[in-house]
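The values are calculated or read from the model by the stated rules, or taken from the named source; none is laboratory data. Just so it is clear, the model here is predicted, and its values are computed rather than measured. FYI the Cβ positions are ideal-geometry reconstructions off the backbone, even for glycines, and counts take in every protein chain you see.
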Amino acid sequence: MKKMSMINTKDKMKIYKVGGAVRDGILGIKAHDNDYVVVGASIEEMKKLGFLAVGKNFPVFLHPKTQEEYALARKEIKTGDKHGDFEFVFTPDVSLKEDLERRDLTCNAIAFDDITGEYIDYFGGIEDIKNKVLKCVNEKHFVEDPLRVLRVCRFKAQLGFEVEENTLRLLKTMVQNGAMRYLTSERVFEEVVKALRAKESSKFFVLMREIGALKEVMEEVDALFDVPEKERYHPESNTGGHVMSALDVAKDEPALVKFGVLTHDLGKALTPKELLPSHHGHAERAEKPIRGLCNRLKVPNEWKNFALSCAKFHMHYFQIFEMRAVKIYELLKGLTIGHRSYLEEYIKVCRADFESSACENKGLEYKNFELKAEMLRFAKDVIDEIKASDLKNFDKLPRNERFGMLLREYKVDILKEKINEFKKTHKITSLAK
């Protein structure tokens, strides 16, 4: 579709599709959003054509019909060390090449003319896409923005491309020169979430560690790569490697689940040396590093509480058949954040942990894993169906702390009875009483 056919532009004004949409089109990937750069125009001219100005730092406009973003071609002048410390030049004489040259990677610095159907590729981006290479456009401009360290790592996770040698060197140099200090917590976490949404999320963290950035922004995760594991269960031989394998297993899961996977073993970095390579008690030790990480990166409470619950209870999953009804009740209550149960997300975290670990008779353990999930879902349904009004003498009971205790005991008693029936039906033997 010729996007500008509905608007009569002046001859000197040229419009090009740019950025990720062009890259994804070359890759055969459906783009979620289209971005356009406008060359040879002023703010006043854009407004006269019906565009709505929305940009804060530089002129960005919404198309009056499609609501897609159009930005005036611009140059950037570095004014400080932070990600946003730039002055922008967006006069009509700024060329398309000047606009594209300020971009981070060659694969993102390609323009496409919707009218002629031609690509404008000054920096070899199409060839780099074919070769699956992440390469900086301009070394001088590249190092001016510290956020590009995280962006390149994220593109590796999203696209699966390899980082070109000189660009990798630049990333390491930027980290060594303290670039991570100039990023806000919000921007760091925003990039982490985008990486967690990618299929190959582990590549983000592995590259971050390789260039030294992971230690700067997520030291709790970085520390896991130095924690030994029993190779019998974790062939990677270290906790960081195990967590990366678990992320690979969870590649199709939502970012929240992957965050639970990423943080579920943070307590292992605090295992006393005399216990290594065993990690008894690591679930309890995870609270401090998870809170530290989440508070520092200003992680939303939902994500923080989910991570805390997964770390605390992930070892419980493998003991479900042996757990007493009261412990199962406490587990399910612990997976309720606000008024919502996160049982299904918790099961997915445990599944990633399980499938990325080695064990004897994997086939049998797979069956048991699914049966445990079924049993937990059954237990949740039992609890959900119980009403306070079901209590004996409900109308006469005082509404105090004692009432809550009686209701809890009532639910546990029923849950115990129902779980025993479930176990008999499914021929489960255990040590639970």
- [ ] Go through the range 239-278 and give me each residue that's polar (S, T, N, Q) and at pLDDT below 95.
- [x] Thr271, Ser278
Task: Of residues in the range 378-394 being modelled with pLDDT of 85 or more and surrounded by 14 or more Cβ atoms within 10 Å (Cβ to Cβ), the one nearest to the chain's Cα centre (by Cα) - done: Lys380
Open item on the list: Which numbered condition in (1) within 19 Å of Leu96 (Cβ to Cβ); (2) surrounded by 16 or more Cβ atoms within 10 Å (Cβ to Cβ); (3) modelled with pLDDT under 95 is the only one that Asp145 fails?
Closed with: (1)
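Can you tell me how many residues within the range 312-361 are under 22 Å from Arg232 (Cα atoms) and among the hydrophobic types (A, V, I, L, M, F, W, C)? Before you say what the answer is, go through the steps one by one.
The first filter runs over the range 312-361 and keeps only residues under 22 Å from Arg232 (Cα atoms), leaving 314-319, 349-361.
After this cut, where a residue has to be among the hydrophobic types (A, V, I, L, M, F, W, C) as well, the list is 315, 318, 349-350, 352, 354, 358-359.
Qualifying residue count, the range 312-361: 8.
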- [ ] Restricting attention to helices (runs of 4 or more DSSP H) lying wholly within the range 199-316, give those where 2 or more residues are aromatic (Phe, Trp, Tyr) and free of Cβ contacts under 8 Å to residues at least 40 places away in the same chain.
- [x] none
Open item on the list: List the residue pairs whose Cβ atoms are under 6 Å apart, where the first residue sits in the range 28-39 and is closer than 18 Å to Ile126 by Cβ, the second is basic (Lys, Arg), and the two are 6 or more positions apart or on different chains.
Closed with: none
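Could we say that Ala311 is in contact with a His (Cβ under 7 Å, 6 or more places away or on another chain) and at negative phi here?
On the way: in contact with a His (Cβ under 7 Å, 6 or more places away or on another chain): yes; at negative phi: yes.
Criteria met by Ala311.
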Task: Which listed residue is modelled with pLDDT under 95 and not aromatic (Phe, Trp, Tyr), from Lys230, Lys172, Lys203 - done: Lys230
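A quick yes/no check of all residues on (1) of a type in the set (S, T, N, Q); (2) surrounded by 23 or more Cβ atoms within 10 Å (Cβ to Cβ):
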position: Ala246; (1), (2): no, yes
position: Glu253; (1), (2): no, no
position: His282; (1), (2): no, no
position: Glu287; (1), (2): no, no
position: Asn301; (1), (2): yes, no
position: Met315; (1), (2): no, no
position: Gly338; (1), (2): no, no
position: Val349; (1), (2): no, yes
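For the range 56-91, how many residues are of a type in the set (A, V, I, L, M, F, W, C), at pLDDT 75 or above and under 23 Å from Asn138 (Cα atoms)?
Of all residues in the range 56-91, those of a type in the set (A, V, I, L, M, F, W, C) come to 58, 60-62, 71-73, 77, 86, 88-90.
Subset that is at pLDDT 75 or above: 60-62, 71-73, 90.
Subset that is under 23 Å from Asn138 (Cα atoms): 71-73, 90.
Here the count works out to 4.
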- [ ] Return the total of residues in the range 171-193 being over 26 Å from Asn301 (Cα atoms) and either of a type in the set (Val, Ile, Thr) or surrounded by fewer than 20 Cβ atoms within 10 Å (Cβ to Cβ) (or both).
- [x] 6
Open item on the list: Can you name every one of the helices (runs of 4 or more DSSP H) wholly within the range 133-182 that holds 2 or more residues which are within 24 Å of Glu200 (Cβ to Cβ)?
Closed with: 147-159, 165-176
Open item on the list: Please verify whether Ile419 is β-branched (Val, Ile, Thr), at pLDDT below 95 and either touching a strand residue (DSSP E or B) at 6+ places or on another chain (Cβ under 8 Å) or within 20 Å of Ile328 (Cβ to Cβ) (or both), treating the condition exactly as stated.
Closed with: no
- [ ] Select from the range 265-290 the residues that are charged (D, E, K, R) and over 22 Å from the mean Cα position of the chain (by Cα) and list them in ascending order.
- [x] Lys273, Glu274, Glu284, Arg285
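This table checks each residue for (1) under 26 Å from Ile347 (Cβ atoms); (2) hydroxyl-bearing (Ser, Thr, Tyr); (3) under 11 Å from the mean Cα position of the chain (by Cα).
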{"position": "Leu183", "(1), (2), (3)": "no, no, no"}
{"position": "Glu200", "(1), (2), (3)": "yes, no, yes"}
{"position": "Met208", "(1), (2), (3)": "no, no, no"}
{"position": "Asp222", "(1), (2), (3)": "no, no, no"}
{"position": "Tyr233", "(1), (2), (3)": "yes, yes, no"}
{"position": "Gly240", "(1), (2), (3)": "yes, no, no"}
Task: Search result, residues across the range 35-55 that are modelled with pLDDT under 90 and within 18 Å of Cys107 (Cβ to Cβ) - done: none
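Can you pull out every residue in the range 22-42 that is more than 23 Å from the chain's Cα centre (by Cα) and surrounded by 15 or more Cβ atoms within 10 Å (Cβ to Cβ)?
First, pick out the residues of the range 22-42 that are more than 23 Å from the chain's Cα centre (by Cα): 22, 25-26, 28, 35-42.
Answer for the range 22-42, where residues must be more than 23 Å from the chain's Cα centre (by Cα) and surrounded by 15 or more Cβ atoms within 10 Å (Cβ to Cβ): Val22, Gly25, Ile26, Asp35, Tyr36, Val37, Val38, Val39, Gly40, Ala41, Ser42.
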